[in-house]
Amino acid sequence: MNAIKKYIAELIGTFVLVLFACGTAAVVGCDVTGGYLLTALAFGLVIVAMAYSIGNISGCHINPAVSIAMWVSKKLSTKDFIGYVVAQFIGATLGAVVLNLLAPGTGLGANGLYNNNVVLSLIVEVILTFVFVISIMGVTSKDSNSAVAGIVIGLSLTLVHILGISFTGTSVNPARSFGPALLVGGEALANVWVFIVAPLVGGVLAAVVYNFLASNKKA
């Protein structure tokens, strides 16, 4: 039962992320005059809100890239990793469905290739995800950081969005990309694999690098 509650929490968190953060991108746009910053803040603020509401239940991953990093670090069992990722994709899809009902024809905050270049888009997303996930690895490594972890993680997500929106719209989250792409279809759906593969690679790299650095520090 506890496992089911964790999966439900992840589903709810990812639902909220897509509805409110992708929804902000869809409604206000991502122009540099205002919508850009509002969208970046929306993603960060959702993480803060969810971290302090479901964080004590599931850890508030709401992102397969975070879950795979925790799995690589042996902080998440294989069973829970699978359960988390399934829940995250379901939550993101439901969020996109509701967003499409509220704001049809807006693009739903779907990601896009940078200059129609797959390689550059992969590189951008790996780097952005690496920075985001390694910040999570660091701030959650000490129990004494628990009071501020949600704020730090939210600000980290805001940071990577501030840079990444102009390139790919910033994914760093396979579930967040999949939900809107599924509803939008077309090129967004055809290219969504980029925004699934790159964040997962970035998450694994962040876990490997952080664990390597942390083990050296302990030594």
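Just give me the residues in the stretch 140-166 being small (G, A, S) and in contact with a Leu (Cβ under 9 Å, 6 or more places away or on another chain), in sequence order. Steps first, please.
Here is the first cut: in the stretch 140-166, the residues small (G, A, S) are 141, 144, 146-147, 149-150, 154, 156, 164, 166.
Passing the criteria: G154, G164.
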Q.
Filter the stretch 107-137 down to the residues that are touching a Leu at 6+ places or on another chain (Cβ under 7 Å), buried (at least 21 other Cβ atoms within 10 Å of the Cβ) and not hydrophobic (A, V, I, L, M, F, W, C) and list them by number.
A. S121
**Q.** Checking Y36 against (1) at pLDDT below 95; (2) surrounded by fewer than 17 Cβ atoms within 10 Å (Cβ to Cβ); (3) assigned to a helix (DSSP H, G or I), the condition it does not meet
**A.** (2)
Q | Pairs where the first residue, in the stretch 138-151, is over 19 Å from I62 (Cβ atoms) and the second is at pLDDT below 95, C-beta under 7 Å, 6+ apart | A | S141/A214
Q: Go through (1) under 14 Å from the mean Cα position of the chain (by Cα); (2) at pLDDT below 95 one by one and return the number of the condition N63 breaks.
A: (2)
Q: Could you run through the stretch 168-200 and say how many residues are among the aromatic types (F, W, Y) and buried (at least 20 other Cβ atoms within 10 Å of the Cβ)?
A: 2
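Let's see how each residue does on (1) in a helix (DSSP H, G or I); (2) without any contact (Cβ under 8 Å) to a residue 60 or more places away in the chain; (3) farther than 16 Å from R176 by Cβ:
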site	(1), (2), (3)
K6	yes, no, yes
E10	yes, no, no
A25	yes, no, no
I57	yes, yes, yes
V66	yes, no, no
K79	yes, no, yes
A92	yes, no, no
V97	yes, no, no
L108	no, no, no
Q: Have a look at S146, S166, S141, S121 and point out the one that is of a type outside the set (D, E, K, R), over 15 Å from the mean Cα position of the chain (by Cα) and in a loop (DSSP other than H, G, I, E, B).
A: S141
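The values are calculated or read from the model by the stated rules, or taken from the named source; none is laboratory data. Every value quoted in this text rests on a predicted model; they were computed, and no experiment measured them. Ideal geometry is used to build each Cβ from the backbone, glycine not excepted, and the neighbour counts take in all protein chains shown.
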